[in-house]
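J.: Got a structure for you, written out below as structure tokens; questions coming shortly.
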Amino acid sequence: MSDLSLQELLCFCAVVEAGSFQAAADSLHRTHPTVFNAIKNLEQRLELRLLDRSGYRVALTPEGQSFYRQTRQVLDKVEGLQRHAQFLAAGEETELRIVIGDLCSLPEMLAKLKRFFDDCPATRLHLQFETLTGPVERLMDNDADLILHHIDQADARMEFVALNQVSLLPVVAPGFLTFAIHDSITPEQMRDYVQCILRDTATHTATRDYHLISGAHSWTVSDQFMKKELILQGMGWGNMPVHLIREELDAGRLLSICGRYFKESTLQIVAARRSDRAHGPVARRLWDYLQH
């Protein structure tokens, strides 16, 4: 069997999808004989009868059905490759690396990113999820093009777009404390209770204590969802993003211990990138998109 011709494959799929040789010829801007001969040559190359021409409309033979499914996949990949080459020729990035921090509202953020990258099929999105100082470290190490997290806004190495604010509450499960909740609970009173904290994914950046009580027994977890579950089970207490525990607060399955010493805190979530780096056209469009 000699090598397959891309034009013959295009003609074959066009006939199947248009339903006739003439309709396929019109869609491809070719003559009827050109399309007819392309299919004839393809069948001869394959030594298979792909089309049943006995009816009013051409139909696929069983072998043709199987061959069509594979051919359609090949042509879709070829079209994707052509689009990719066009993006490369225009200077479009082939990939963007984005790090999402632990305090982001994932449903909202992922939906937003999906809408943007659906219109950038030639740019592959690489997502990474990091905690605490991990996102900023990835950005400073040039392992990320953009981070979605909270930052030190006075750091001139970064420029940012404000996205939303996240509130954090210190919470416990009902019955976790051996005393009644009041607005003057002290750190000393909480020192004997297990405090749930997140593991910082930074490897060489100085970390902050993030409300850690000195000398308290603590359990370290990898993400906010594990932390939330431990607190719900009455196995520890900790500060949680309000958007992750709103239902549990409303239902009374979690209780706030905010007061004189333990306060609600608010952090600004931003999109941040290096201010000393050049950014490609897709990255610039994403930056503009995040501002609206």
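Read-outs: derived from the displayed coordinates by stated rules, not from any lab. Small disclaimer: the values here were computed from a predicted structure and weren't measured. With ideal geometry, Cβ positions are generated from the backbone for all residues, glycine too; neighbour counts draw on all protein chains shown.
J.: What longest range of the chain stays clear of loop-exposed chymotrypsin sites (Phe, Trp or Tyr not before Pro) (DSSP non-H/G/I/E/B, at most 11 other C-beta within 10 angstrom)?
T.: Longest run free of exposed loop sites: 57-178.
J.: Under 27 Å between alpha carbons, and skipping anything fewer than 8 positions from residue 40 in its own chain: which lysines qualify?
T.: 77
J.: Which percent, to the nearest 5, of DSSP beta bridges fully inside the chain are antiparallel?
T.: Just about 60 percent of them are antiparallel.
J.: If eta is 0.692 mPa s and T is 37 °C, what Stokes-Einstein diffusion coefficient results for region 6-89, Kirkwood Rh from Cα pairs, in µm²/s?
T.: Approximately 247 µm²/s, per Stokes-Einstein.
J.: Go through 162, 177, 202 and say which Cα lies farthest out towards the positive end of the charge dipole of region 153-204; charges sit on Cβ, +1 for Lys and Arg, -1 for Asp and Glu.
T.: Of the listed residues, the answer is 202.
J.: Placing +1 at every Lys and Arg Cβ and -1 at every Asp and Glu Cβ, with all other atoms neutral, what dipole size does the chain have around its Cα centre, in debye to the nearest 20?
T.: With Lys and Arg at +1 and Asp and Glu at -1, about 520 debye.
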